[in-house]
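Heads up: the structure comes next, in structure tokens.
The values are calculated or read from the model by the stated rules, or taken from the named source; none is laboratory data. These figures come from a predicted structure and were not determined experimentally. Positions of Cβ are generated from backbone atoms using ideal geometry, with glycine treated the same way; all protein chains shown enter the neighbour counts. Ligands, DNA and RNA are stripped out before the accessible areas are found, and what is left, the full protein with its side chains, is counted by its heavy atoms. Shrake-Rupley method; radii C 1.70, N 1.55, O 1.52, S 1.80 Å.
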Protein chains: 2
Amino acid sequence: MSEQPPSPPTHTLHICVTCRPKGAPPDAVRDGRLLFEAVAALHADWPERHQVALNGVECMSGCDRACTVALSGPGKPSYLFCDKAPTPETAAAALDLAAQYAASDTGVLMRGERPAPFRSGILAKIPPSTP
Amino acid sequence: MSEQPPSPPTHTLHICVTCRPKGAPPDAVRDGRLLFEAVAALHADWPERHQVALNGVECMSGCDRACTVALSGPGKPSYLFCDKAPTPETAAAALDLAAQYAASDTGVLMRGERPAPFRSGILAKIPPSTP
């Protein structure tokens, strides 16, 4: 018997690849791109990768608050986090946060339970379309 | 034959009812509440009300940028708009914007096509979870 392929992920972790801090040279590699690549390297072997897709985005309207990271999932609030540094710590924390989000029935991410780099800097929490 | 009841709305227009501009007295009626009530009065007779639900929300993390208005819909980006005045013009424009959003296959709201009060002040545009 052949194995069934896993169903596609139902949640998505979005990272803006064009984000750069104010004053950063526009021709240099963007901080958002660096953060995306750091997350992508971890995501490739991440046990939850079949639940949470990784999506590189060009702009989520947080241009003044680079780097930006967002989460969306069915029937859950969408979150946009800002002011994130493109570090290995942020990359690992983004996946921890995404795992929390996917595992939660409501998708609500309480401040005290979030990984340290995501305890501050929420630009938006938008409820789902089916309350 | 009895008529089928309309199916529930698939899109939602969210308005933060606790939003208030910086320095506004916390005990006064909130600007967000005023905007919500102005929209609710129009929504009651709005031809698109079976497509777009109205949702009063307590906080969407845009506290520094009152009033805030958001849109969400299946397979569409979620938007959070900020810095909106609680006026009849904003209320009518919010419904026009919501109708555009519901009618669009992609949900992408181009700046030049949006009603005037919503051509500026986007805090977030978060892609859907199923790209």
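First measure r as the distance between the Cβ atoms of A:ASP27 and B:ALA40, then evaluate 1/(1 + (r/R0)^6) with R0 = 51 Å and state the FRET efficiency to the nearest 0.05. Show your work: numbers first, answer last.
Values: r = 49 Å, r/R0 = 0.96.
Efficiency at R0 = 51 Å is approximately 0.55.
Would you mind classifying region A:41-131 by shape? Square roots of the alpha carbon gyration tensor eigenvalues, ordered a ≥ b ≥ c; an a/c under 1.5 is rounded, otherwise it is prolate if a/b is larger than b/c and oblate if not. Write down the numbers at each step before the final one.
Details: a/c = 1.36, a/b = 1.06, b/c = 1.28.
Rounded.
Compare B:THR90, B:THR106, A:THR87 by solvent-accessible area with a 1.4 Å probe and give them largest first, with all protein chains kept in place. Numbers along the way, then the final one.
Details: B:THR90 10, B:THR106 80, A:THR87 45 Å².
Sorted by accessible area, descending: B:THR106, A:THR87, B:THR90.
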Take chain B, connect every pair of alpha-carbon atoms lying under 10 Å apart with a spring to form a Gaussian network, then pick out the residue of B:ARG30, B:ARG119, B:ARG20 with the largest mean-square fluctuation. B:ARG119
Distance between the C-alpha centers of region B:56-93 and region A:74-129? Whole Å please. 20 Å
Quick one: label points 7 angstrom along Cα→Cβ at B:ARG49, distances to the other copies in nm, smallest first? 4.9
Fluctuation leader among B:PRO117, B:PRO21, B:PRO47 - chain B, Gaussian network, Cα springs under 10 angstrom: B:PRO47
Over chain B, what is the relative contact order in whole percent, taking alpha-carbon pairs under 8 Å and six or more residues apart? 27 percent
Considering only protein heavy atoms, what is the solvent-accessible area of B:LYS125 at a probe of 1.4 Å, reported in Å² to the nearest 10? 60 Å²
For B:PHE36, A:PHE118, what's the largest-to-smallest order of accessible area, 1.4 Å probe? B:PHE36, A:PHE118
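Could you put B:LYS76, B:LYS22 in order of accessible surface area, largest first, with the 1.4 Å probe and the full protein assembly present?
Details: B:LYS76 15, B:LYS22 165 Å².
Sorted descending by solvent-accessible area, the residues read B:LYS22, B:LYS76.
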At each listed q (0.11, 0.14, 0.15, 0.16 Å⁻¹), what is the log10 of I(q)/I(0) that the Debye formula gives for the protein assembly as shown modelled as equal alpha-carbon point scatterers? -0.62, -0.96, -1.07, -1.19
